[in-house]
Amino acid sequence: MKICCIADTQLNKENIEMYLEAFKKYLDVADCIVHLGDGITNSSEFLSAYKNVICVKGNHDKNENIYKKYYKLNVNKINLLFVHGDRTDRIAEQLDIWKNRIRFKMGKNPDLSGYYRWLSGKYTEVDIVVYGHIHIPRIEVINNTCYFCPGGMTEKRLLFGHDISIGMINIDDKTKIAKVDVIAYNPILHSVKINAHNKLLWEKNQILLN
Ligand SMILES: [Mn+2]
């Protein structure tokens, strides 16, 4: 089963359609597409061509009655949870954004340790937690749970220097192995490629990073 994950599509319609078009071959082969929240309405026209589109509500999606807060899926005994990933503690979140804005200016990698302490405390007992919100593609393994952010499509806030990206989760029916990939779009080269440094395999309670 292939699950294509997109997040944070808060862009004007022209740009969002250009990016989604660039990722089209991944969207086309997916059995299910999950929008992880924020900018759902901006992408809804493009995504309406697809079956099995699930949207979870982001903090900027106003139609809260339409969208779910979480979406749970069990595929081949692998438990997946899809959620936007925004913190209720807005002050802590703003401090993180400013700290990382300064770090980016200094040429340093973002420090998301506080965010991951919160995330891994809140969402446990799941094999793979898929979330958006931070706009940075990340695969973190904490206490045997994989926390996967496919990145995002908006250039605002935390997308410091990262390409626009989506995620693909591939769960093999025969081997029962889940593979998690980040697929990035390079706007200068107009090319889309799987980021080889951002891969993960999940097998029988073992996380295999490669
Ligand atoms: Mn958000």
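The numbers here are math on the coordinates, done by the rules we state, and not lab data. Since the structure is predicted, the reported quantities are computational estimates derived from the model, not experimental observations. Glycine gets a Cβ as well: all are built from the backbone with ideal geometry, and neighbour counts include every protein chain shown.
Mind ordering 1-8, 141-148 by average Cβ neighbours within 10 Å, highest first?
1-8, 141-148
When the helices in the chain are scored as -39500 (n - 2.57) per DSSP H run of 4 or longer and the sum is shared across all residues, what 222 nm value do you end up with, to the nearest 500 deg cm²/dmol?
Details: 5 runs with 50 residues, N = 210.
Calculated mean residue ellipticity at 222 nm is -7000 deg cm²/dmol.
Which listed residue (Thr124, Phe82, Gln10) has the Cα farthest towards the positive end of the charge dipole for the chain, taking +1 on Lys and Arg C-beta and -1 on Asp and Glu C-beta about the Cα centre?
Going by the charge dipole, the pick is Thr124.
Kindly provide the GluC sites (Glu not before Pro) of the stretch 49-130 that DSSP labels as loop, not H, G, I, E or B, and whose Cβ sees at most 13 other Cβ atoms within 10 Å. Before the final figure, lay out the partial values.
Values: sites: Glu64, Glu93, Glu125; in loops: Glu64, Glu125.
Here the GluC sites (Glu not before Pro) that fit, given the DSSP loop and packing criteria, are Glu64, Glu125.
How would you rank 26-39, 127-140, 101-114, 50-63, highest first, on the average number of other Cβ atoms within 10 Å across their residues?
Order by mean packing, descending: 127-140, 26-39, 50-63, 101-114.
Rounded, prolate or oblate for the stretch 1-109? Axes are the square roots of the Cα gyration tensor eigenvalues, ordered a ≥ b ≥ c, and the cut-off for rounded is a/c under 1.5. Can you show the working numbers first?
Details: a/c = 1.67, a/b = 1.41, b/c = 1.18.
Prolate, since a/c reaches 1.5 and a/b exceeds b/c.
To the nearest 20 debye, what charge dipole does the stretch 2-209 have about its Cα centre, counting +1 at the Cβ of each Lys and Arg and -1 at the Cβ of each Asp and Glu? Numbers along the way, then the final one.
On the way: 29 positive and 24 negative charges, 83 e Å.
Dipole magnitude for the stretch 2-209 comes out near 400 debye.
Pick out, from Gly107, Ala30, Gly58, the residue whose Cα sits farthest towards the positive end of the charge dipole of the stretch 2-209, with +1 on the Cβ of Lys and Arg and -1 on the Cβ of Asp and Glu.
Sorting the options by dipole projection puts first Gly107.
Antiparallel DSSP bridges in the chain: what percent, to the nearest 5? Don't skip to the end; give the middle numbers.
Values: 36 of 51 bridges.
Counting only bridges with both partners in the chain, antiparallel ones make up about 70 percent.
Evaluate the charge dipole of the stretch 1-119 about its Cα centre and quote only its size in Debye, nearest 20, assuming +1 on the Cβ of each Lys and Arg and -1 on the Cβ of each Asp and Glu.
Working: 19 positive and 15 negative charges, 92 e Å.
Here the stretch 1-119 has a charge dipole of around 440 debye.
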